[in-house]
Amino acid sequence: MNPELISGIVGFILTLMILSYLIGDNALFRFAVHVFVGVSAGYVAVIALYQVILPYLVVPLMSAPMLERGLLLIPLILGVLMLMNISPRLSRLGGPAVGYLVGAGAAVAVGGAVLGTILPQVGAAAEPFNIAALIQRGVNPIESLLNGAVMLVGAVATLAYFHFGARRAEDGSVKRGFLFEAFAWLGKLFVALTLGALFAGVYSAALSALVERVHSLFSIFGF
Amino acid sequence: MADQFCPNCGMPNAEEQEVCSFCQQSLRVDAGAASIRPGETPTRKTTAELEPILPAWLRDARETARRADAETAAEEARAAAENPAPKEEVPDFLAGLASAARDDQDDELPEWMRGAAPSSAPAKPDKEEQAFPRRSEIRWGDDQSDELGGMATTPVTPAPESGDALLPWMQARDGAASDSAGREPSQPVTPFLNGAVEPPHTGELTDWLEQAAAQPAAPAEPSAPASEESLDDWLSKLPRDVEIPAASESPASFDETIDLPDWMKPAATEEVSAADAELPDWMASFREQKPFAPPEVSPPESAEQLPAAPAFVPEAEPAAETPANDLFSIEMPDWLSNIAPVETEAPAADEAAPDQPIAPAELPSWVQAMRPVETVLPDAPSAQAAVEGPLEEAGPLAGLRGVLPFVGGIVQPGKPVGQSFRLQASQSQQEDASLLGQLIAAETQPKPLRGARLFRSQRVLRWVLSALLILLASAAILGRTQIVPLPAALSPESVLALPILESLPNDAPILMIFDYDPALSGELEAAAAPFVDRLLGLRSPRVTVLSTSPIGPALAERFFAASVARQNYRPGQDYVNLGYLPGGETGILSFAVNPRAALPSRSWDAPAVQGVSRFSDYAAVILLTDQAETARAWVEQTAAHRAGHPLIVVASAQAAPMIQPYLLSRQVSALVSGLRDGAAFEASSETGGPVRKYWDAYNFTLTLAVLLMAFGGLWNLIAGARSRRGSDEARHES
């Protein structure tokens, strides 16, 4: 039997099991989910062994120069300490390794966010208001200004919507200021539009997946 | 026979001995230091100069003794003036028996000696139990045997164990007694002379009596001549009803310096004049000595000058009236005397001012800080009024009400006493607390369950909508419809990729990153396939494939094998799959810094990656992702290492809105998103592709979904309007 046909039949059956969730939680759906989780875990384990442990640790320890082997003892020890998290009694020993991972990851993420997102995005938000540069680039400045104004108002209004500071009025009620209230209302509108756009993208992606799955089901039978 | 006797114990010792073999005391006694013997005149010694060196307690004791003696002498003199005793009829040596019997040492006397006490009246009427107990039982002159029995009870000094040995002072008179043995009339009257009475066989008593009989009569005042056989006469002279004054009442006649036996010292306190006639010769010497003059002791001016008395000495009872108290007051150590003033002053203070309130104690600051706030704040009467009971005004409990029970005898155990502690909270805090209480109360209130009809309708609605979408998609796929045309133009985001494709050199190394999940592989493959197919067919780049997802390398292989199979790209030759890049953002940064070190693999030797040692060696980076976070990570970590080379992102439709800002900031060179951009690239390339197979089904289902959402929104709007109208009508009617 053609392996592609076998994989196609298995895929077809698993797809029907997943689609059975439309009638509610059932054993077929849970079976398909468990199979997916198990296969994924096994696959990830194989990938980790053959593409991480062996090429990054074992092979260098066996063939690399002595200096490099000595340096590799550090990740080896940290990796062994990481395994101590399996035992609740010895999980404390895995703290240094976890700390090292969290610290290094946080440093990389913060540095990348500041230099790769915040500063460039602040510059991009101010760029529509640089009329000289727009004229130099041959862009209509009025359109750019309008776009920039919309983005600026949207950003400020969204920030105002998530500002929860308020003052207590004389009658005891707690209300935000009029200006904050107006920007918050406008920000709520921008937030709703953004979530609508995200939902439309998610729904579009889901429909694309559904159509692809239906097409794959019929393709097995030659349609 | 011994040549010398011990001055201490009187036992005979050899002449050459210097130390007594019985008591181990020195036999060579200084004449001045020797104790006085009977018949010798004691020399009064002045010891006043030694008073200052005595201990305080001893000085106090001596002072007390002197004062007691003075008072006793005064009382005795007064009593003697009122009731003069018949001096002629009482033998002076028997008079001491009365004082001995009056002493508290009555229990120590032998039974046979108690009847000899002639005392007829107690010294103190209020202490009759201390008087001589056998006085009424004595029948003087009626029966000889009884009388002798009474004589036999005369106390004697403890005899040495040798028994028959005479005391030294008696032996010294031995010769004189033998010389005067024939002078019967001059002998003192004694009941043992005629042999009618057998003295008790104590040995010592017999010798002592014989010695006393041998003593010469008193030369000064010879008594009336008594016949030798007149024992009854002698006894008849004994006082019958005469009260013998107590020994303690006549201390002036006794000199403490006389070395007499202890039991005879009280006898010496009798008035000497009462028995001058019958006084034996050996005791007559006592009469020659100067009577003891009681020192004139002035009464103390104040209570502070009184010596300290033991605590157990009754304050009301004078010490002079009780000889036992004299002894105790003398022999008490100073530590007992020091206790006495403290214990004797306290009850005096209580008696002086019984109604005086307890002085308020000085509370430390930390105790005052612990007192209730109500006591500090004068304007907080609510807490005080809330608790019933007396208000404490003094002491540590000052300010507390109802803490102590005000009824002395009735206490109900187990009944809690209300405290006046109350939490000090402001009004806003109380409002917050009440609001929190309302929230908690609302959580505990039961909520009506959602109706089963509504739940069933939602499930049916879900089944109906799912069936519509699946049926519509199936119909479009099975019908192979191509009703909906492909987009004629690229989107503004994806059109930016065309100049990049045009600018890429041929056979340039490019990096393709497959970071999406299998669930969205249909969309991603449909969106990326036309663009990648155009790229591969136009520039034939050498492709390096990697992924930060473990599933990515497999999806890449599937992509090259199916989606772009028309380009016939061969692994290792035309493209290299480096596999999984671990570490997340750290791995991305590491790969951007040093690709070969970050992802060690033999694939680096393949022709597809020849000349690639740095990240900037890649002519373009194409990212296929379904998550905005993945795109952000690649944008952030590789921006400084791309060296201006383009980054094209092929994203799912759900991640495209979040990647748009990076496109506007030109951190992302081009963005191809969703099935629509894939269809546009497919339409522009005119090569056909998978998008055409899905495009009608996708548009039909998308249109149906839009219609359903619009219908649902309209339904909710109408239902809401009807609900509001119904509520308005109901309110209007009501």
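The values are calculated or read from the model by the stated rules, or taken from the named source; none is laboratory data. Given the structure is predicted, the values throughout are model-derived calculations rather than measurements. With ideal geometry, Cβ positions are generated from the backbone for all residues, glycine too; neighbour counts draw on all protein chains shown. Areas reflect the complete protein model, heavy atoms only, side chains present, ligands, DNA and RNA absent. Shrake-Rupley method; radii C 1.70, N 1.55, O 1.52, S 1.80 Å.
Between B:Ile622 and B:Leu511, B:Met512, B:Ile513, B:Ile648, the built amide H atoms are under 5 Å apart, and every one of these is 5 or more places off in sequence or on another chain.
In the range B:456-473, burial by the other protein chains removes 30 Å² or more of accessible area from B:Arg462, B:Trp463, B:Ser466, B:Leu469, B:Ile470, compared with the chain on its own (1.4 Å probe, ligands and nucleic acids ignored).
Can you give the longest run of chain A that contains no trypsin sites (Lys or Arg not before Pro) sitting in a DSSP loop with at most 16 other Cβ atoms inside 10 Å? The reported range is A:1-88.
The distance linking the range A:57-135 with the range B:549-609 is 21 Å (Cα centroid to Cα centroid, whole angstrom). For the range A:1-32, a reduction of at least 20 Å² in accessible area between the chain on its own and the assembled protein chains (probe 1.4 Å) is found at A:Leu22, A:Ile23. Annotation for A:Leu193 and B:His732: the two label points, set 7 Å from Cα along the Cα-Cβ direction, are 3.7 nm apart.
Take the Cβ atoms of A:Ala48 and A:Asn130, set R0 to 41 Å, and the FRET efficiency comes out at 0.25. Accessible area per residue for the range B:535-642, computed on protein heavy atoms with a 1.4 Å probe, is 36 Å².
For the pair the range B:617-660 and the range B:491-517, the centres of their Cα atoms are 11 angstrom apart. Our estimate of slack between B:Gln445 and B:Glu16, defined as 0.36 nm per intervening residue step minus the Cα-Cα distance, is 142.4 nm. Counting only protein heavy atoms and using a 1.4 Å probe, what share of the accessible area of chain A belongs to carbon plus sulfur, as a whole percent? Its accessible area is 76 percent carbon and sulfur atoms. Would you mind giving the total buried accessible surface between chains A and B, with a 1.4 Å probe and ligands, DNA and RNA left out, rounded to the nearest 100 Å²? Summing both chains' loss of accessible area gives about 3900 Å². A Cα-only calculation for the range B:447-540 places Rg and Dmax at 22.1, 70 Å.
Which residues among the range A:99-113 fall inside the zone where the amide N is under 19 Å from a point 7 Å beyond the Cα of B:Asn594, along Cα→Cβ? Residues passing the 19 Å test: A:104-105, A:108. Within the range B:630-734, the trypsin sites (Lys or Arg not before Pro) that combine a DSSP coil assignment with at most 14 other C-beta atoms in a 10 angstrom radius are B:Arg666. Over chain A, with a single point scatterer placed on each C-alpha, what log10 of the ratio I(q)/I(0) does the Debye formula yield at q = 0.14 1/Å? Computed log10 I(q)/I(0) values: -1.08. With r as the distance between the Cβ atoms of B:Gln25 and B:Ala81 and R0 = 45 Å, compute the FRET efficiency 1/(1 + (r/R0)^6) and round to 0.05. Here the calculated transfer efficiency is 0.45.
The mean sequence distance of close C-alpha pairs (under 8 Å, at least 6 residues apart), as a share of the length of the range A:22-102, puts its relative contact order at 15 percent.
Interface residues of the range B:632-646, defined as a loss of at least 20 Å² in heavy-atom accessible area between the chain alone and the complex of all protein chains with a 1.4 Å probe, are B:Glu636, B:Gln637.
Any idea what % of Cα-Cα pairs in the range B:598-724 are farther than 27 Å? Tail of P(r) above 27 Å: 45 percent of Cα pairs.
Partner shielding of B:687-700 amounts to 2, given as the average count of beta-carbon atoms from other chains within 10 Å of each residue beta-carbon. Which residues in the range A:169-192 place their backbone N less than 16 Å from a point set 7 Å from the Cα of B:Leu435 along the Cα-to-Cβ direction? Only A:169-176 fall inside the zone, counting backbone N under 16 Å. Counting Cβ atoms of other protein chains within 10 Å of each residue's Cβ and taking the mean over peptide B:648-659 gives 4. Of the chymotrypsin sites (Phe, Trp or Tyr not before Pro) found in the range A:107-187, the ones in coil according to DSSP and having at most 13 other Cβ atoms within 10 Å of their Cβ are A:Phe162, A:Phe164. The mean number of partner chain beta-carbon atoms within 10 angstrom of a residue's beta-carbon across peptide B:477-489 is 1.
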